[in-house]
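Working notes for the structure below.
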Amino acid sequence: MDRASPYSAYAAAGAHEPFYGHRVPAYRCPACDGGVLLLIRDTLHFGQTAESRALNEAVGPEIGVGQWRFSCLFKCCDSGCAEVVACFGTMSWARDPRLPRDDAAPVAWMPGMGPAPDIHEQQRRAQAELAHRFQPLVFLPPVEGRVEEATAREVRVAADFTWMDVGNVRYSFKLGRQADSIRVLYQAWSDGGCRDGTGMSEKLIGERIESSAERFRIDRVFEDHPILHRVLRSCGKGQWALFLAPAAPESASDADAA
Ligand SMILES: [Zn+2]
């Protein structure tokens, strides 16, 4: 199979959420399922484009405008993967999203309205509210290419279900309700012809593993567990199943929304 062309990533330019120096969204790792990319901060650099510099020289510098490029590296948070991903894009200034919304639009000043507004003070304040906004254009390897490249994910499980390898990601489970739930769901997936989404209600899971919980809840058992909403997903009200095959694009975006 042809590997996704790096240029296919250009087609998706703008599809990525921007990040700010203080806040980086959970970009998905292109190399594994479930990994999130962490910014390696000292690799983040930006520089002004030649065209923008020429314009500055002709018209004068004005903070908040101009064209800048950035590059940086990310590393997958999953220690089993730890892939390094390069990213580049455009940098601009935008009002810091941490600031409260500025709903009071400045009123046009007219003679008779009191002292004239201090333009310099207004400009100074507006500049102080600006933050670097980084818009990724390309991730290498492309984050979008992850789905196509994952042709077959090998699945291995421990005899006691205390771990499960999905592709190159290992999920570990505590003995007891976690390992037992995975055992029941893996059995359902296997009995259903290894079809993703073949699961059962959490009520039935609770009965099968003889949970004493009054109302057995999978999302409680797997609270903050990396498998939740990735490989272990809800597929209807109170219904849960394993998704072990390569994710289809639609279901991948479902996982993002979850
Ligand atoms: Zn990864």
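Could you say which residue among Leu38, Leu44, Leu55 is in the same structural domain as Phe139 (by TED's automatic domain parsing), of a type in the set (A, V, I, L, M), more than 14 Å from the ligand (Cβ to nearest atom) and touching a residue at least 12 places away in the same chain (Cβ under 8 Å)? Show your work before the answer.
Numbers: Leu38 fails: more than 14 Å from the ligand (Cβ to nearest atom); Leu55 fails: touching a residue at least 12 places away in the same chain (Cβ under 8 Å).
Only one candidate qualifies: Leu44.
Looking at Ala54, Ala50, Ala11, which one is modelled with pLDDT under 85 and surrounded by fewer than 13 Cβ atoms within 10 Å (Cβ to Cβ)? Can you show your working first?
Numbers: Ala54 fails: modelled with pLDDT under 85; Ala50 fails: modelled with pLDDT under 85.
Unique residue meeting the criteria: Ala11.
Please go through the stretch 70-104 and pick out each residue that is surrounded by fewer than 17 Cβ atoms within 10 Å (Cβ to Cβ), assigned to a loop (DSSP other than H, G, I, E, B) and within 10 Å of the ligand (Cβ to nearest atom).
Cys77, Ser79, Gly80, Ala82, Glu83
The values are calculated or read from the model by the stated rules, or taken from the named source; none is laboratory data. Just so you know, these numbers come straight off a predicted model, no measurement behind them. Note that each Cβ is placed from the backbone with ideal geometry, even for glycine, and that neighbours are counted across all protein chains shown.
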